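Q: The structure follows.
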Amino acid sequence: MSVDVGVAPARKAKNFPLYQTLTRFVRDPLREIQRISNAADGQVARLDLGASRPFIVTHPDHVQQVLRTESEIFVRDGTFWRPLHGLFGDSIMSEYAEWEVSKRILQPVLSTKTIRSLSEHMASTIDQAVGELAGPAREGRPIEVLPEMGRIVNDTVTRVLFGDKIRQAEADRLIPAMEQLATSIAFRFLLPFVPKSIPLPGDRAFAEGLRAMDETLFELVDRFRYDAGEGYDIFTALCKARMTEGSGLDDTWIRDNLLAMWATSTETTTVALTWIWPLLAGRPDVAGRLADEVRAVVAPGEAVRPEHLSELPYVRQVVQELLRLYPVGWIFPRITLKETEIGGVRVKAGQTVLISPFLTQRLESVWEGAAEFRPERFAPDKARTYHRYAYFPFGGGPHQCIGRHVFNMEAELILTSVISRFTPQVQPTEGPVEPRIGATLRPNQPIHMLLHPVEGR
Ligand code: HEM
């Protein structure tokens with residue numbers, strides 16, 4: 001892989017033969033990209049992968065230009081989005097007019113006001129799902145963190161997506177099928193330039209997952225075809241829109257949007273909530289302060305309620321800092337519709353620009369002590385001093401994550417619920433736990449954790 005850290009528009013990227021660059025990149029892609037980002041230190045850099053030569057843009061001013069001020073030039077199209085379009089169709093994850101329709105319908109469903117209406121439902125689902133950890137805790141049996149966080153998140157997201165319209169048996173079929181889709185897309189996501197006619201690992205699992213998911217989803221759509229009923233959930237909003245907006249929106253549009261919402265909401269939240277435990281284990285002082293705050297607000301035996309959250313400012317800080325180090329939607333590309341300049345570098349129409357909160361948020365010139373987990377950065381008196389695009393785990397501009405309020409509420413409720421009942425103890429691992437590149441940033445090995453029940457709780 002070659003890097004061209006350029007300021008002069010005429011400067012050309014240096015090329016390496018594809019086989020050399022690909023082997024280095026494939027061996028440890030995240031480390032390689034981070035090395036390049038650190039070397040460029042905020043200047044526009046260019047990756048040379050042979051078949052594709054995207055720019056990497058990390059400086060907060062440049063990120064702002066791409067995501068916000070020139071968002072009409074930098075669009076979600078091109079090679080990197082192709083596999084996602086095959087998956088999500090003309091849904092909220094697309095671009096242009098098709099995206100606008102879904103955005104107009106879905107954004108209000110996820111506003112802070114509507115989420116507040118769903119929050120009681122979410123909190124009781126979380127209380128029940130976290131309660132299931134009491135068994136292994138009592139028996140002194142360590143849990144595997146990622147699947148357990150996944151179970152809690154899946155139960156919660158199912159409520160946000162379907163309210164009480166989905167039956168337990170349907171949820172039990174849907175959840176594994178959706179999970180299979182989310183994990184089997186990884187190779188297509190990483191190698192978007194490989195044509196569909198060339199098989200990749202995960203293709204078969206993907207097709208199976210899609211079949212299983214479609215069976216359940218289309219059954220549900222059929223049941224509510226003529227009467228969407230009431231509810232603050234996403235499914236109801238989509239069914240109502242199809243009824244009122246006419247023939248443009250069909251069953252497939254509902255399926256595509258449900259799948260898009262599922263994929264964007266479960267994997268991201270699960271992976272983020274997996275990283276929190278090793279981070280806390282590395283900072284016992286932070287873990288102690290967190291436990292003190294939570295246990296002073298949530299009484300023994302009491303279920304966590306949405307009203308508790310306003311009394312838990314440190315929980316919020318911890319979640320914010322978690323997403324600085326592990327912004328699980330870690331990289332997202334744009335394609336340029338018309339020639340422009342970023343930081344003095346000419347970017348022509350049709351070229352790809354990569355935006356990565358992971359890289360920007362780990363730049364030493366942007367965040368002092370960038371590699372360290374320090375929730376104090378987000379203390380109320382400090383939180384506003386950084387550049388808007390020094391911290392953008394949810395993106396920005398027109399495509400800014402519409403699920404950020406759901407995530408914040410869900411993550412804070414889950415973290416509070418676990419800490420109010422248990423003292424976690426992460427088990428030693430063989431070698432350091434590192435993020436592994438993929439659609440999100442899963443850990444490279446399983447993380448196990450003992451949960452010690454807190455006395456009297
Ligand atoms: C840790 C949690 C999450 C992270 C880090 C995250 C990150 C992001 C990012 C970076 C984008 C912008 C993508 C782009 O500009 O191309 C995005 C978009 C989106 N996110 Fe999230 N997200 C999270 C949770 C959620 C949740 C819980 C939901 C749904 C309930 C959700 C739904 C969406 C949707 C629908 C979009 C597309 C918005 C649009 O294009 O208009 N996300 N997310």
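Q: With a cut-off of 19 Å, note down the residues of segment 413-436 whose backbone N falls inside the zone around a label point 7 Å from the Cα of ALA171 toward its beta carbon.
A: 413-415, 417-418
Q: I want the local charge near LEU84. Using Cβ-Cβ distances under 10 Å, sum +1 for each Lys or Arg and -1 for each Asp or Glu among the other residues.
A: +3
Q: Sticking with this structure for a sec: Rounded to the nearest 0.05, what FRET efficiency do THR252 and HIS387 have when you use their Cβ-Cβ distance and R0 = 51 Å? Walk me through the numbers before you get to the answer.
A: Working: r = 41 Å, r/R0 = 0.80.
Once rounded, the FRET efficiency stands at 0.80.
Q: Keeping every protein chain in place, order LYS196, LYS338 by accessible area at 1.4 Å, biggest value first, i.e. largest first.
A: Details: LYS196 170, LYS338 120 Å².
Output order, biggest surface exposure first: LYS196, LYS338.
Q: Taking the Cα centre of the chain as origin, sum charge times position over the Cβ atoms of Lys and Arg (+1) and Asp and Glu (-1), and report the length of that vector in debye to the nearest 20.
A: Numbers: 53 positive and 57 negative charges, 262 e Å.
The dipole magnitude comes to about 1260 debye.
Q: Helix-derived [θ] at 222 nm for the chain: sum -39500 (n - 2.57) over DSSP H runs of at least 4, divide by residue count, nearest 500? Write down the numbers at each step before the final one.
A: Values: 17 runs with 225 residues, N = 457.
Calculated at 222 nm, the ellipticity per residue is -15500 deg cm²/dmol.
Q: Still on this structure, please answer the following. I'd like the Karplus ³J(HN,Hα) series for segment 180-191: coefficients 6.51, -1.76, 1.60, θ = phi - 60°, whole numbers in Hz, and an x wherever there's a Gly or Pro.
A: 4, 5, 4, 7, 7, 7, 3, 5, 4, 5, 7, 10
Q: Same structure, new question: Select from segment 145-243 those GluC sites (Glu not before Pro) which occupy a DSSP coil region and have at most 10 other Cβ atoms within 10 Å, ordered by residue number. Don't skip to the answer; put the middle values down first.
A: Details: sites: GLU148, GLU170, GLU179, GLU208, GLU215, GLU219, GLU230; in loops: GLU230.
For GluC sites (Glu not before Pro) across segment 145-243 that sit outside H, G, I, E and B with at most 10 neighbouring Cβ atoms in 10 Å, the list reads GLU230.
Q: A further question follows. Which value results when the Cα radius of gyration for the chain is divided by 2.2 N^0.38 Å? Display every interim value, and only then the final one.
A: Working: Rg = 22.2 Å, N = 457, 2.2 N^0.38 = 22.6 Å.
Working it through for the chain, the quotient is 0.98.
Q: Now a separate question. Over its Cα atoms, what ratio of radius of gyration to 2.2 N^0.38 Å does segment 364-457 give?
A: Details: Rg = 16.9 Å, N = 94, 2.2 N^0.38 = 12.4 Å.
Rounded to two decimals, the normalised Rg is 1.37.
Q: Ordering ASP256, ASP250 from largest to smallest accessible area (1.4 angstrom probe), what's the sequence?
A: On the way: ASP256 15, ASP250 75 Å².
Ranking ASP256, ASP250 by accessible area, largest first, yields ASP250, ASP256.
Q: Given the options VAL298, THR79, VAL145, identify the residue whose Cα lies farthest towards the positive end of the charge dipole of segment 54-453 (+1 on Cβ of Lys, Arg; -1 on Cβ of Asp, Glu).
A: THR79
Q: Using heavy-atom solvent-accessible surface (probe 1.4 Å) with all chains present, what is the largest-first order of THR264, THR274? Mind showing how you got there, number by number?
A: Values: THR264 55, THR274 0 Å².
Descending accessible area places them as THR264, THR274.
Q: Taking the highest mean first, how do the peptides 299-305, 74-80, 141-147, 410-416 order by number of other beta carbon atoms within 10 angstrom per residue?
A: Numbers: 299-305: 14.4, 74-80: 19.3, 141-147: 16.7, 410-416: 24.1.
Put in order of decreasing packing, that is 410-416, 74-80, 141-147, 299-305.
Q: Further, regarding this structure: With the crude spin-label approximation of a point 7 Å out along Cα→Cβ, what separation in nm comes out for ASP164 versus ASP203?
A: 4.6 nm
Q: Enter the mean projected area of the convex hull around the alpha-carbon atoms of segment 62-156, in nm², rounded to one decimal.
A: Computing the convex hull of the Cα atoms and averaging its projections yields 9.6 nm².
Q: At a Förster radius of 35 Å, what calculated FRET efficiency corresponds to the Cβ-Cβ distance of GLU120 and ALA371, to the nearest 0.05? Mind showing how you got there, number by number?
A: Working: r = 39 Å, r/R0 = 1.11.
Once rounded, the FRET efficiency stands at 0.35.
Q: Next question, about the same structure. If R0 is 30 Å, what FRET efficiency do you get for THR23 and THR79 from their C-beta distance, rounded to 0.05? All intermediate terms of the calculation are to be shown ahead of the outcome.
A: Details: r = 21 Å, r/R0 = 0.70.
With R0 = 30 Å, the Cβ-Cβ based efficiency is 0.90.
Q: Calculate, in nm to one decimal, what ARG138 and ARG53 gain on full extension: separation in residues at 0.36 nm each, minus their alpha carbon distance. Show your work: numbers first, answer last.
A: Numbers: separation 85, 0.36 × 85 = 30.60 nm, distance 5.36 nm.
Once the chain is fully extended between ARG138 and ARG53, it gains 25.2 nm.
The values are calculated or read from the model by the stated rules, or taken from the named source; none is laboratory data. This structure is a prediction, so every number in the text was calculated from the model and none was measured. In this analysis, Cβ positions are derived from the backbone assuming ideal geometry, glycine residues included, and neighbour counts consider all displayed protein chains. Just so you know, the surface numbers come from the protein's heavy atoms only, side chains and all, with ligands and any DNA or RNA stripped out. Shrake-Rupley method; radii C 1.70, N 1.55, O 1.52, S 1.80 Å.
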